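Heads up: the structure comes next, in C-alpha cells.
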Amino acid sequence: MTLGVLAVLGMAFTMFAGFWTDWLWYRSVHYSSVFTTTLWTKIGLFFVFGLLMAVAVGFNIWLAHRLRPPLSAMSMEQQNLDRYRMGIAPYKKWLLCGITALVGLIAGASAAGQWRTWLLWVNGVPFHKTDPQFHLDVSFYAFDLPWYRFLLGFGFAATILSLIAAALTHYLYGGLRVTSPGARATAAATGHLSVLLGVFVSLKAIAYWLDRYGLAVKSSDFKATDNWTGLRYVDAHAYLPAKTILFCIAVICALLFFATLWRRTWQLPVIGFGLMVLSAILIGGLYPAIVQKFQVQPNEQAKEAPYVAKNIEATRQAYGIDDTEVAPYDGTSKTKDKSTLRDDVDKTASIRILDPNIVSPTFQQLQQVKGFYAFPNNLDVDRYPTKDGKVQDTVVGLRELNFSGVKQNWINTHFRYTHGYGVVSAKGTEADNGEPVFTEKNLPPAGDLPRYEPRVYYGEKTTTYSIVGGPQKEIDYSDNDGEKTTSYRGKSGVSLSSPVNRAAYALAFGEPQILYSGAIGDGSRILYNRTPKERVEAVAPWLTIDGDAYPAVVDGHIQWIVDAYTTTNGYPYASRTTLGDTTADSLTATNNSRAVVAQQNQVNYIRNSVKATVDAYTGEVRLYQWDTEDPVLKTWMKAFPDTVKPKSDISPDLMSHLRYPQDLFKVQRELLTRYHVQDAQTFLSGSEVWQVPDDPTNKSGDAVPPYYLTMKMPDQNSQAFSLTTTYTPNGRDNLSAFMAVDSQAGTSDYGKIRILKLRTSTTADGPKQVQSQFNSNSQQNITEFVRQVRNGDSEIEYGNLLTIPLDGGLLYVEPVYVRGGQLKYPLLRKVLVTYGGATAFEDTLGQALDKIFGAPGSTPPPGTGTTNPPSSGNPTVQQALKDAQKAFDEGQTALNKKPTDWEAYGKAQKELQDALKQAADAQAQAEKQSGNAKNGTDSAKNGAGSDKKDSGSGTTGS
C-alpha cells in the first residue's frame, strides 16, 4: 500500500512539475495569457467532448440493457451467454462507468488537440473575398468548414461506438439472436438500432452537403500544376450535382430508418441504404469518370480554361503575388561602346563580394578569440551606416557560446560558461588582402557600431539551460589583462529561490543536482528555451517561423529578428504548397537550422504578418503586427488579445534592419515558375513554365538560394536593398527571367516583386552555363589558376554568383575563395565577372570591371575588391612586419594545441600588436619625412619659378 501511494504521488508530482515549470516560464516572459488561454481551451474541449462521447455511449448501453427481453426458455445460444451475464452482473455499474470513462478520455484527448480549430472558428473575421463558385466568404473555408468537419467526424465516431456498444448489449441480453430459432431481433432492439442507423445516415447526408463546399478546397492531380486546388469541369458538372443528389437520397434513407420505430421492419431501410450505396458508386464515381472521358479529354483546354483562370487568380491572391510586375527584358546590352557603362555599374549595384555562406570560418579564425566562442555556419547580411552616413551591406555574425571548446562538467556547462560576447561585422563590398574588412571586432567590442550590450544569453547556439545570478560567477570574456567574470543582472528566467521550483526543475530536466547544489542560492535564475525560434514559437504557437533568424544592433541591444507567418490550408481555388519542400535549397540541405519550422505543412495561403524580436541579453520577446490587413492574424489577435503589438510601436532603428523574409520569397518564386502566366490557355499548354536553377557553385543538386543585394532595377531611380533570384526554362539551362523583391522595410515599394522576362528570341546564359564558362575559360588563366591552387594542397570555393541587370544585359559577378595550405580558412583571392560574352578573372572587383568595360570607373566606390597593403622599402617596417608574421604564426600554433595554450596565445597576441604598432609608426614617420622633403622641393621649384618670372618682367621693362 505504501509503495502504491508513493507511486501515485510520484506520478502526480511529475505531471505537476511539467505544468508548473511551463506556467513559470510563460509568466517570466510575460505571456501567461497564451498559456492560460491555450490551457483552458484544451480543458474545455476535453471535458465537453469527452462528456458528450461518454454520455452517448453510456446512454445507449443503458438503453439497450433497459430494453432487454424477459428471460424465457433459453436456446443453446442464450445458455452459452448466460454465464457471461452472470459474470458481469455484480459489476454492471462499474463496467458501464469504466467503458464510458475510457471512450470519454480518448474522445476528450482527441478534441483537445483541436484547440486551434476551435479558436479560429469562434474568433474568425471575414476576408471580404468570396469564392467564385458558391460566393461564400473565404473565412467559411478557412475557419468554419474545418470545425464543421471536426464536429461531423466526432458525430460519426460517437454514433458508430454507440451502435457497436448497443448491438453487443442487445446480443448479450437476448435482444439480438444469431443462431437461435425465431426472430433475429426484438422489436425494441430493432427500433433502437434503427434510430442509431438513421442518425448515421443523417450524418452521411450532412457529409454529402459539406462535400459540395469541400470541392473548392479539394486537392487533385492535374497536369497543369501539382497540388491543384478547386473545382475543375468534372467537379462542377458531375461531382457537384452528384453530391446534391446523394444528399437527397441520404435524407430519404435516414427517414426510412427512423420510420422503423413504427413499422418494426428493416425491409424499406435496407432497400434505401442499398440504393444509397449503389447511387454513390454510379452517380458519385462512374458518372464523373464518364464525363471526364467523353466530354473533358477530347477538348480539355476549352473545358478547363475557365476553372484554370479561377485557380490562377486565387493562387496569386493567396500567396501575395497578384501585384507582381513582369516586364520584358532584352538580355543583351543596348550600348555598343561598353566603356561608357563602367560608371553605370557603380550606380546600379553595390556589389557584395563577401559571401556570408562561406566566410564563417574566416570570422572564426580571426575573431573567435577564445575556443569557447563560435560563429554560425551561415552569417547574415544586414545594413549599417558608414562613418560618412551612407548605408552599406554588412556581413554580420554573433560570437556565441561553443560548448565543444569547454571542459565538460555540470558547473562549467550550466554555471560558468553561460553566454557569448559581441557582434562581429564586416563590409560586404570590401576585402583586405583576402580577409574581411571588419567594422566591429575584438573583445571587448570596438568599431563603428554604436555602444550596445554585448552579452549574448539567447542565441541560435544556446540550446542548453544556464543558471545565473547566484553565488557562482560566470566567465565574461578575456583580454590582455586576463579573464573577466560577471553575474547576470537581467530579469529573465525563472527564480530558483523556492524549494518547490528547484524540485520541479530537477524533475523536469532530470538533474537532481538542481535540488541540492550549493552553486544555487539567492538570486539564482534558470534560463532555458533560449534560441530565438523556440521562444517565438512558444509565445505564439499559432505562427509558422522563418528558418533564418538574424541579429541586429537596435537601440543599444542585440535583437534577434524573427519573421513569422500566418497560414491556412483552406483558401478556395488556391493551389497548395509544402513549406518544407518549397523552402529547401543548397543552404538548408547542409544546415537544418535554416529550414522553415513547419517542415511538411501543406498550405495554400501565407502572409508575413508578424515581425518578432528576441533580446539577446534579456530574452524579451516582442511580436509586432506587420501585415495590418491579414484576416488570419486578426483572428488570432482576437483569440490572444494584447500579445501582438501594433506596427506603430516599431522603432525607426528596428525598422531600418527589417527585411523581406527568405522563406516567403522561396515560396513565391516557386509558385511564380508557373503563375507568372495569367492567361489560362498559355498556363495549360505549359510552354511558359520556368524552374529555379540548381546552385552552380556546388554539386549538391539543390536549388540556388536567393541573395540579398543592394541594387537598382531598370524602373527604379535609386538602389534598394533587394532579395534576388534567377529562372531558367523548364529542362534547360539558359536564363528565362530575373526576379527581385524590394526588401527595404519602411518604404512604399517594400514587398514589390519585379520580374524581368527575357524575350524568347534572346538566348542569355543561365547561372549553370556562366559557371561552366568560368571553369573552362583558359584565355583568362582560370583553369591554370585552379590547377595551381589544387596542386598546392588547397581548395577553391566559389562564392555567391550574383546577377545584376545592366543596360539591357546581365552582369554576373562571383568571388573566388581559396582555402588550404597553412591557412585553414577561406580568403578572397579572385573575382570573376562576365558581361555580354566577355569574361574577366582578376584580383579585385575593380580590376575585373575595368577589364570587362575597357575603362576605369571615374568614381569607384569604396571596396571594389581586395586591397593590398602598401609596400615599403623602410627596413624598420619590413622587420616589424616579419615580427608580426612570426607572432601570428606562434599564436596559431598555441591555439591549435590540444589543450589550447592560452598563455602562449596571449603572449603572441601582445607581440603581434606591438609589432604592428611599430610598423605603423615607422611607416607614418617615413611618410612624414617624405612629405617634408617633397614640400621643400616644391618650395624650391616655386621660388625658382618666381625668380624666373621676375627676371622676365625686368627684361621686358628694360
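Taking segment 17-62 as the range and being more than 26 Å from Ala503 (Cα to Cα), surrounded by 19 or more Cβ atoms within 10 Å (Cβ to Cβ) and not polar (S, T, N, Q) as the test, the residues that pass are Leu45, Phe46, Phe49, Gly50, Met53, Ala54, Ala56, Val57, Gly58, Ile61.
Residues in segment 693-744 that are assigned to a loop (DSSP other than H, G, I, E, B) and of a type in the set (A, V, I, L, M): Val704, Met713. Residues that are part of a strand (DSSP E or B) and farther than 18 Å from Arg27 by Cα within segment 614-629 comprise Tyr624, Gln625, listed in sequence order.
Among what's in segment 594-617 and is small (Gly, Ala, Ser) and modelled with pLDDT under 95, pick the residue that is nearest to the chain's Cα centre (by Cα).
Ala595
Flag: Gly846 does not match the condition of being surrounded by fewer than 19 Cβ atoms within 10 Å (Cβ to Cβ), closer than 21 Å to Asn781 by Cα, at pLDDT 70 or above and out of contact with any helix residue (DSSP H, G or I) (no Cβ under 6 Å at 6 or more places or on another chain). Looking at this structure, is Ser194 buried (at least 19 other Cβ atoms within 10 Å of the Cβ), of a type in the set (S, T, N, Q) and not assigned by TED's automatic domain parsing to the domain that holds Ile99? Yes.
Conditions (1) crowded, with 18+ Cβ neighbours inside 10 Å; (2) under 14 Å from Ile61 (Cα atoms); (3) modelled with pLDDT under 85; (4) among the polar types (S, T, N, Q), marked per residue:
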position	(1), (2), (3), (4)
Pro90	no, no, yes, no
Ala109	no, no, no, no
Gln114	yes, no, no, yes
Asn123	no, no, no, yes
Leu136	no, no, no, no
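Restrict the check to segment 310-324 and report whether at least one residue is under 30 Å from Val381 (Cα atoms), surrounded by fewer than 18 Cβ atoms within 10 Å (Cβ to Cβ) and of a type in the set (Asp, Glu). Checking segment 310-324: at least one residue is under 30 Å from Val381 (Cα atoms), surrounded by fewer than 18 Cβ atoms within 10 Å (Cβ to Cβ) and of a type in the set (Asp, Glu). Among the conditions (1) surrounded by fewer than 20 Cβ atoms within 10 Å (Cβ to Cβ); (2) at pLDDT 90 or above; (3) in a strand (DSSP E or B), Arg819 misses just one, which is (2). Of the candidates Ile796, Ile755, the single residue that is in a strand (DSSP E or B) and free of Cβ contacts under 8 Å to residues at least 24 places away in the same chain is Ile796.
Annotation: of all residues in segment 250-265 being of a type in the set (A, V, I, L, M, F, W, C) and surrounded by 22 or more Cβ atoms within 10 Å (Cβ to Cβ), the one that is nearest to Glu300 (Cα to Cα) is Ala250. For Lys441, the conditions (1) at pLDDT 95 or above; (2) in contact with a helix residue (DSSP H, G or I) (Cβ under 6 Å, 6 or more places away or on another chain) are fulfilled apart from (1). Evaluated against (1) in the same structural domain as Ala107 (by TED's automatic domain parsing); (2) assigned to a helix (DSSP H, G or I), His135 falls short on exactly one condition, (2). Specify the residue that is nearest to the chain's Cα centre (by Cα); the eligible residues are those in segment 219-249 that are of a type in the set (Lys, Arg) and surrounded by 21 or more Cβ atoms within 10 Å (Cβ to Cβ). If we take residues in segment 219-249 being of a type in the set (Lys, Arg) and surrounded by 21 or more Cβ atoms within 10 Å (Cβ to Cβ), then Arg232 is nearest to the chain's Cα centre (by Cα).
Selection of segment 139-168 for residues being crowded, with 19+ Cβ neighbours inside 10 Å and either over 20 Å from Ala207 (Cα atoms) or assigned by TED's automatic domain parsing to the domain that holds Tyr213 (or both) yields Ala165, Ala166, Ala167. Of the listed requirements (1) within 16 Å of Ile411 (Cβ to Cβ); (2) modelled with pLDDT of 95 or more, Tyr458 misses just one: (1).
On inspection, Lys611 qualifies as out of contact with any helix residue (DSSP H, G or I) (no Cβ under 6 Å at 6 or more places or on another chain), surrounded by 23 or more Cβ atoms within 10 Å (Cβ to Cβ) and farther than 24 Å from Val138 by Cβ. Looking only at residues in segment 217-262 that are outside any strand (DSSP E or B) and among the small types (Gly, Ala, Ser), which one is farthest from Glu670 (Cα to Cα)? Here the residue is Ala259.
Among the residues examined, Leu268 qualifies as surrounded by 13 or more Cβ atoms within 10 Å (Cβ to Cβ) and outside the structural domain of Leu176 (by TED's automatic domain parsing).
Answer yes or no: is there a residue in segment 443-451 that is free of Cβ contacts under 8 Å to residues at least 40 places away in the same chain and in a strand (DSSP E or B). So far as segment 443-451 goes, yes, one or more of its residues are free of Cβ contacts under 8 Å to residues at least 40 places away in the same chain and in a strand (DSSP E or B). Only residues that are surrounded by fewer than 20 Cβ atoms within 10 Å (Cβ to Cβ) and either part of a strand (DSSP E or B) or without any contact (Cβ under 8 Å) to a residue 24 or more places away in the chain (or both) were counted across segment 405-427, and they come to 4. Determine whether Ala349 is crowded, with 17+ Cβ neighbours inside 10 Å and of a type outside the set (D, E, K, R). Yes; evaluated as a whole, the condition is true for this residue. Would you confirm, using the coordinates I've provided, whether Pro714 is under 30 Å from Leu449 (Cα atoms), surrounded by fewer than 22 Cβ atoms within 10 Å (Cβ to Cβ) and not assigned by TED's automatic domain parsing to the domain that holds Gln301? Criteria not met by Pro714. Just wondering, is there one or more residues in segment 420-432 that are in contact with a helix residue (DSSP H, G or I) (Cβ under 9 Å, 6 or more places away or on another chain), among the small types (Gly, Ala, Ser) and closer than 23 Å to Leu658 by Cα? Yes: segment 420-432 contains one or more residues that are in contact with a helix residue (DSSP H, G or I) (Cβ under 9 Å, 6 or more places away or on another chain), among the small types (Gly, Ala, Ser) and closer than 23 Å to Leu658 by Cα.
Being among the polar types (S, T, N, Q), in contact with a helix residue (DSSP H, G or I) (Cβ under 9 Å, 6 or more places away or on another chain), loosely packed, with under 15 Cβ neighbours inside 10 Å and closer than 30 Å to Thr834 by Cα is the requirement here; does Ser339 meet it? Taking the combined requirement at face value, the residue satisfies it.
Within segment 614-633, the set of residues being more than 14 Å from Val554 (Cα to Cα), among the charged types (D, E, K, R) and surrounded by 21 or more Cβ atoms within 10 Å (Cβ to Cβ) comprises Asp630 only.
Filter segment 453-487 for residues that are closer than 23 Å to Asn377 by Cβ and among the charged types (D, E, K, R); which is nearest to the chain's Cα centre (by Cα)? Among them, the one singled out is Glu460. Just so you know, in segment 461-483 the residues that are at pLDDT 90 or above, touching a Gly at 6+ places or on another chain (Cβ under 9 Å) and in a strand (DSSP E or B) include one that is farthest from Val553 (Cα to Cα), and it is Ile467. Kindly provide the set of residues from segment 475-490 that are closer than 29 Å to Asp548 by Cα and either surrounded by 13 or more Cβ atoms within 10 Å (Cβ to Cβ) or acidic (Asp, Glu) (or both), ordered by number. Within segment 475-490, Ile475, Asp476, Tyr477, Tyr488, Gly490 meet the criteria.
The values are calculated or read from the model by the stated rules, or taken from the named source; none is laboratory data. Please read these numbers as outputs of a predicted model, since none were measured by experiment. Here the Cβ is made from the backbone with ideal geometry for all residues, glycine too, and neighbour counts use every protein chain on show.
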